[in-house]
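As structure tokens, the structure follows; a few thoughts come after it.
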Amino acid sequence: MSNWHAWAALAVFAGAYVLIITEWVHRVAAALGGAALMLALRATDADAAFFSTDSGIDWNVIFLLLGMMMIVGVLRRTGLFEFLAIWAVKRARAKPFRVMVMLVVITAVASALLDNVTTVLLVAPVTLLVCERLNLPVAPFLIAEVLASNIGGIATLVGDPPNIIIASRAGLNFNDFLVHLAPLAVILTAVLVLMCRFMFRRAFVYDEKLAAEVMALSEREAIRDRRLLVQGLAVLALVVAAFVLHPVLHYEPSVVALLGAGLLVAISPVKTNDVLADVEWPTLAFFAGLFIMVGALIETGVIKEVSSALADATGGNALGATMLLLGASAVLSGIVDNIPYVATMAPITADLVRTVGDTHGHVLWWALAVGADLGGNATAIGASANVVVLGIAERNRTPISFWTFTRYGAPVAAVTIAVSGLYIWLRYFALA
């Protein structure tokens, strides 16, 4: 691509990003409009935008979301989420901060076993019901959960899509992630809980009357269709098992989700049209537009120029390369979705690994994974889970603005990256 195309792509992306931040137009219109301009200006083309695995729409993400949204749509009709909401509130004695801690920990743990997008799709409906029962503001709880999902996602190979890309490129396995990054995920979840206590303190208003009413409820009575519940949970269990067994089965998460959704729709009495009505179509359209815009930045060489500059700035110093990669990945993943960023940065990191040698080679991969996964917390479009939660909130008439999310996400991203830098320095350099 010519230099003119690179500057045009950068200008279009910046303009769309400003519209998303300021909310002058709906974020879906901004993303799709930006994608259309990229195609019109030939910053990318149809082949690259729709069929390239490196610089186009990531259909694995789109169809993973579609499949899981359909499964969640069926489960919503069983009363399962009402059951879980009442159960969680009763276990936390209806104390708002205890409820948040419980939901944050559950989300972080689940995000290590599932991908973080699937986790928030399952937890968000429960959260909406909990907040409705206790008359609590929804935004703080949803934001805390999505931050927890991105933190928990660093723990395993299947926790966040960028981890799968890194594992494939670096030759890492499930246990490598578990040994090296799971301890960090536990530490960062504790840090998040402490930060939530202060960031969202105004949301923890205890209403004794509402609490007593919820405590008097029987969660068993919330189940409306037991047969459908059994069918839905059985399919969900199969899907989760296939996610966890990805290193053995080698089925893409999107394939697993679609197979599960198709099976559940086939065996359940729920009409297909009703299931499809529950799909967050605006969220899927936003992702498509965002992927095309970022793909144009890849096609025109913009992201590669930035990544190469990072590589040149390290000078072969292992510690310097690690910390620069960690920080730069965090910043860039807050601006562009971390999936295409990691796909672009993986070959650059492989070159860095060869430069610094075998002694500290794997540390660079951990820095890339941690920076990309945690940096996604910084803004509302930094990670797939963020976009999904904002879509759910908007659909339930409790919209969360770009700046509302970023006001809490950016400090959490900064603190967790700082803690991660200390963890990496101690474990791989100071105490090695």
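Once the Cα-Cα distance is subtracted from the 0.36 nm per residue extended length, the Val186 to Ala234 segment shows a gain of 14.4 nm. Taking a Cβ cut-off of under 11 Å around Ser333, the surrounding Lys, Arg, Asp and Glu residues balance to a net charge of -3, with basic ones at +1 and acidic ones at -1.
Between Lys90, Lys209, Lys304, the Gaussian network model of the chain with springs among Cα atoms under 10 angstrom shows the greatest mean-square fluctuation at Lys209. Once you reduce region 134-194 and region 1-24 to the center of their Cα atoms, the two points are 30 Å from each other.
Placing a pseudo-label 7 Å from each Cα along the Cα-to-Cβ vector at Ala266 and Tyr206 gives an inter-label distance of 5.2 nm.
In a shell of Cβ-Cβ distance under 11 Å around Gly152, excluding Gly152 itself, what net charge do Lys and Arg (+1) and Asp and Glu (-1) give?
Numbers: positive: none; negative: Asp115, Glu145, Asp160, Asp373.
With Lys, Arg at +1 and Asp, Glu at -1, the net is -4.
By the rule of a C-alpha distance below 16 Å, with chain neighbours fewer than 8 residues away ignored, the aspartates and glutamates paired with Lys90 are Glu82, Glu132, Asp207, Glu208, Glu213, Glu219, Glu221. Centroid-to-centroid, using Cα positions, region 28-61 and region 225-258 are 30 Å apart. At full extension, Lys304 and Ala216 could sit 25.8 nm farther apart than now, given 0.36 nm per residue minus the alpha carbon distance. Return the FRET efficiency for the residue pair Leu426, Val248: r is the Cβ-Cβ distance, R0 is 22 Å, and the value is rounded to the nearest 0.05. Taking R0 as 22 Å, the efficiency between Leu426 and Val248 is 0.10. Note the listed values [x] 9; [y] 22; [z] 16, then indicate which one is percent of Cα pairs over 44 Å apart calculated from this particular structure. Computing percent of Cα pairs over 44 Å apart and matching it to [x] 9; [y] 22; [z] 16 gives [x]. Ala185: net charge of surrounding residues, Cβ under 13 Å, Lys/Arg +1, Asp/Glu -1, itself excluded? So the environment of Ala185 carries a net charge of -2. Sequence-ordered 3J(HN,Hα) estimates for region 89-98 from the Karplus curve with 6.51, -1.76 and 1.60 and θ = phi - 60° stand at 5, 5, 5, 8, 6, 6, 7, x, 5, 4 Hz, glycine and proline given as x. For region 373-432 versus region 78-113, the spacing of their alpha-carbon centroids is 21 Å.
From the square roots a ≥ b ≥ c of the eigenvalues of the alpha-carbon gyration tensor of region 166-264, which class results: rounded (a/c under 1.5), prolate (a/b over b/c), or oblate? The shape class here is oblate. Applying 1/(1 + (r/R0)^6) with R0 = 35 Å to the Cβ-Cβ distance of Arg93 and Trp59 gives a FRET efficiency near 0.20.
Read the figures in this text as sums done on the coordinates, not as results from a lab. For clarity, every value in this text was computed on a predicted model and none was experimentally measured. So basically every Cβ, Gly included, is an ideal-geometry build from the backbone, and we count neighbours across all protein chains shown.
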